[in-house]
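**Student:** The structure's right below; bear with me while I get my questions together.
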Amino acid sequence: MQSLGNLLELLLNANINFVLIGGFASVVHGSSMVTQDLDICMLVDPKQVEEMRRCLSAFHPAHRMTSKKLSFLQFPTDTANLRNIYLETDLGVLDVVSEVTGVGSFDRVCAQADEIEIFGKKCKVISLQDLITSKKALGRAKDLAVVRELEIIKKTARLAD
């Protein structure tokens, strides 16, 4: 059963430094879109990967881009050169990237991120402008539809200021 909210709460309660991006971030910024996965940007290093394995261990994380759905808990053994991680878990799909298309590295995304409180925890969320930039760079029809909505939200927010 998919529960992306529970997946986000699990990550917030873990010792993982990440920025919420993608569809969830769009919703945080006011979009009406529906998302089927949780997307985050983080520095993908061995310490972060180990913490992610620990917090996801009870939810059967498996690599969704491999034909045999290898367990994330055991594969890969060498995590030093990982850049992206695409998982299926009992709580839903989790995509982890180290760079955001059109925006840049985790450090760049994090430097411009907004911070909100959710589930009683502070959560970094990609800035509205960076989200728009990223979705434009991706260029898929579904992303461009969200861009139109986010640009209206941005314009409305400027008018309210």
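Read-outs throughout are calculated quantities, based only on the coordinates presented, and are distinct from any laboratory measurement. Keep in mind that this is a model prediction, so the values were computed, not measured. We place every Cβ from the backbone using ideal geometry, glycine too, and count neighbours over all the protein chains shown.
**Student:** For the chain, with a Gaussian network of springs between Cα atoms less than 10 Å apart, report the residue from ASP39, ASP107, ASP78 with the top mean-square fluctuation.
**Tutor:** Highest fluctuation among the options: ASP78.
**Student:** Using the Kyte-Doolittle scale, find the helices of the chain whose mean hydropathy is at least 0.0 and whose Cα atoms extend 18 Å or more along the helix's long axis, counting only whole DSSP H runs.
**Tutor:** Values: long enough: 141-160 (29 Å, 0.20).
Qualifying helices: 141-160.
**Student:** So for the stretch 27-68, what are the equivalent ellipsoid semi-axes in whole Å, largest first, each being the square root of 5 times an eigenvalue of the Cα gyration tensor? Show your work: numbers first, answer last.
**Tutor:** Working: eigenvalues 118, 49, 23 Å².
Listed largest to smallest, the semi-axes of the stretch 27-68 are 24, 16, 11 Å.
**Student:** Mind telling me which of GLY30, GLY120, GLY104 comes out most flexible in a GNM of the chain, alpha-carbon contacts under 10 Å?
**Tutor:** Sorting by GNM fluctuation, first place goes to GLY120.
**Student:** My understanding is that a pair violates if its Cα-Cα distance is over 27 Å; which of LYS47/LYS124; LYS68/LYS124; LYS135/LYS155; LYS47/LYS121 do that in this structure?
**Tutor:** Working: LYS47/LYS124 19 Å; LYS68/LYS124 33 Å; LYS135/LYS155 17 Å; LYS47/LYS121 21 Å.
Distance filter (> 27 Å) returns LYS68/LYS124.
**Student:** Please report, in Å, the Rg and the Dmax of the chain, where both are computed over Cα atoms only.
**Tutor:** 15.7, 52
**Student:** May I ask for the Kirkwood hydrodynamic radius of the stretch 100-161, worked out over all distinct Cα pairs and given in angstroms to one decimal? Display every interim value, and only then the final one.
**Tutor:** Details: mean 1/r = 0.0794 Å⁻¹.
Kirkwood hydrodynamic radius for the stretch 100-161: 12.6 Å.
**Student:** Net charge around VAL147, counting only other residues with Cβ within less than 13 Å of its Cβ (Lys, Arg = +1; Asp, Glu = -1)? Intermediate values should be presented prior to the final figure.
**Tutor:** Numbers: positive: LYS135, LYS136, ARG140, LYS142, ARG148, LYS154, LYS155; negative: ASP130, ASP143, GLU149, GLU151.
Counting the neighbours of VAL147, the net charge comes to +3.
**Student:** Separate question: Once amide H atoms are placed 1.01 Å from N in the peptide plane, what residues at a sequence separation of 5 or more from GLY92, or on another chain, have their amide H within under 5 Å of its amide H?
**Tutor:** Under 5 Å from the amide H of GLY92: SER3.
**Student:** Further question on the same structure: Could you list which residues have their amide H under 5 Å from that of ASP39, counting only those 5 or more apart in sequence or on another chain, with H placed in the peptide plane?
**Tutor:** Those qualifying (amide H under 5 Å, at least 5 residues apart or on another chain) are ILE21, GLY23, PHE24, ASP95.
**Student:** Express the relative contact order of the chain as a whole percentage, based on alpha carbon pairs under 8 Å and six or more residues apart in sequence. Intermediate values should be presented prior to the final figure.
**Tutor:** Numbers: 260 pairs, mean separation 42.3, N = 161.
Relative contact order of the chain: 26 percent.
**Student:** Let me have the 222 nm mean residue ellipticity of the chain computed from DSSP H runs of 4+ only, each contributing -39500 (n - 2.57), with the sum over all residues rounded to the nearest 500.
**Tutor:** On the way: 6 runs with 66 residues, N = 161.
Taken over the chain, the calculation gives -12500 deg cm²/dmol.
**Student:** From the phi angles alone, apply the Karplus equation (6.51, -1.76, 1.60; θ = phi - 60°) to the stretch 72-79 and give each ³J(HN,Hα) in whole Hz, x where the residue is Gly or Pro.
**Tutor:** Whole-Hz 3J(HN,Hα) from phi for the stretch 72-79: 5, 5, 10, 10, x, 6, 9, 9.
**Student:** Of the residues ILE116, ILE40, ILE126, which exhibits the maximal mean-square fluctuation in a Gaussian network model of the chain defined by a 10 Å Cα contact cut-off?
**Tutor:** ILE116
**Student:** Still on this structure, I have one more. Over what distance in Å are the Cα centres of the stretch 56-94 and the stretch 1-40 separated?
**Tutor:** Between the Cα centre of the stretch 56-94 and that of the stretch 1-40, the gap is 17 Å.
**Student:** Here's another thing I want to ask about it. Please give, to one decimal in nm, the separation of the simple spin-label points placed at THR101 and ILE118, each 7 Å out from Cα toward the Cβ.
**Tutor:** Rounded to a tenth, the inter-label distance reads 2.1 nm.
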